[in-house]
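The values are calculated or read from the model by the stated rules, or taken from the named source; none is laboratory data. Since this is a predicted model, take the numbers as computed values, not measurements. In this analysis, Cβ positions are derived from the backbone assuming ideal geometry, glycine residues included, and neighbour counts consider all displayed protein chains.
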């Protein structure tokens with residue numbers, strides 16, 4: 001007997017985004033239809049200006065498509081109001097940025113705890129989550145250090161811990177190795193790979209880093225705002 005088809009956690013259908021700048025239409029995305037499945041590492045790749053970050057922002061509900069539909073866990077994003085989208089990002093989506101996005105005056109532990117404070121979690125639960133996330137990325141002994149006291153790789157691990165502490169269903173990473181050397185970048189990709197394998201979190205990475213393409217289960221390639229290819233490892237989804 002064949003197993004039932006696994007439903008995508010994120011799906012876009014005929015997605016387009018046009019920006020109107022100085023009387024000119026800029027087609028950032030054109031007719032992009034793709035599916036992202038749970039428990040996988042998915043890469044969205046392409047040259048600068050290909051529409052990668054635009055697509056990530058649309059998936060996160062940070063921007064509105066000109067045309068097309070986005071589903072997140074079976075729910076149309078267009079049907080969610082601003083408060084519901086904010087709740088979605090706080091509770092079900094974790095973010096990792098190229099520039100790390102850490103608050104410079106806060107310690108590593110305090111940075112990890114910021115999203116949990118925004119959700120008004122009880123102090124005991126918040127502290128347990130922060131400690132667990134920092135331990136998972138191997139930074140327990142650096143938890144009291146501020147960002148300027150940490151290396152770039154350590155700062156990105158703090159950013160990963162911050163995303164992990166929220167216990168998201170999906171982590172969206174925008175060029176997470178962009179400011180790191182290749183060796184450190186490989187370690188960050190390894191941690192993201194472990195998030196999928198050990199935590200069951202779906203990871204979506206926007207990148208042009210060959211290391212990301214090597215490790216991803218699925219690679220969606222964009223060019224000039226259009227999806228031109230999708231490549232999938234034979235060992236991923238059966």
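Side notes on the structure shown:
- In the stretch 85-96, the qualifying residues are those that are in contact (Cβ under 8 Å) with a residue 60 or more places away in the chain and surrounded by 17 or more Cβ atoms within 10 Å (Cβ to Cβ), and the one that is nearest to residue 152 (Cα to Cα) is 96.
- Tally of residues being exposed (fewer than 13 other Cβ atoms within 10 Å of the Cβ) and closer than 22 Å to residue 89 by Cα across the stretch 120-156: 4
- Annotation: of all residues in the stretch 2-15 being buried (at least 19 other Cβ atoms within 10 Å of the Cβ) and part of a strand (DSSP E or B), the one that is farthest from the chain's Cα centre (by Cα) is 15.
- When we screen 31, 25 for residues that are over 19 Å from the mean Cα position of the chain (by Cα), at pLDDT 90 or above and surrounded by fewer than 16 Cβ atoms within 10 Å (Cβ to Cβ), the only hit is 31.
- Taking the stretch 45-84 as the range and being surrounded by 20 or more Cβ atoms within 10 Å (Cβ to Cβ) and either without any contact (Cβ under 8 Å) to a residue 12 or more places away in the chain or outside any strand (DSSP E or B) (or both) as the test, the residues that pass are 46, 50, 51, 52, 54, 55, 56, 58, 59, 60, 65, 77.
- Test: residue 180 is closer than 30 Å to residue 83 by Cα and surrounded by 16 or more Cβ atoms within 10 Å (Cβ to Cβ): no
- Where strands (runs of 3 or more DSSP E) fall wholly inside the stretch 146-238, the ranges with 1 or more residues that are in contact with a helix residue (DSSP H, G or I) (Cβ under 9 Å, 6 or more places away or on another chain) and without any contact (Cβ under 8 Å) to a residue 60 or more places away in the chain are 226-232.
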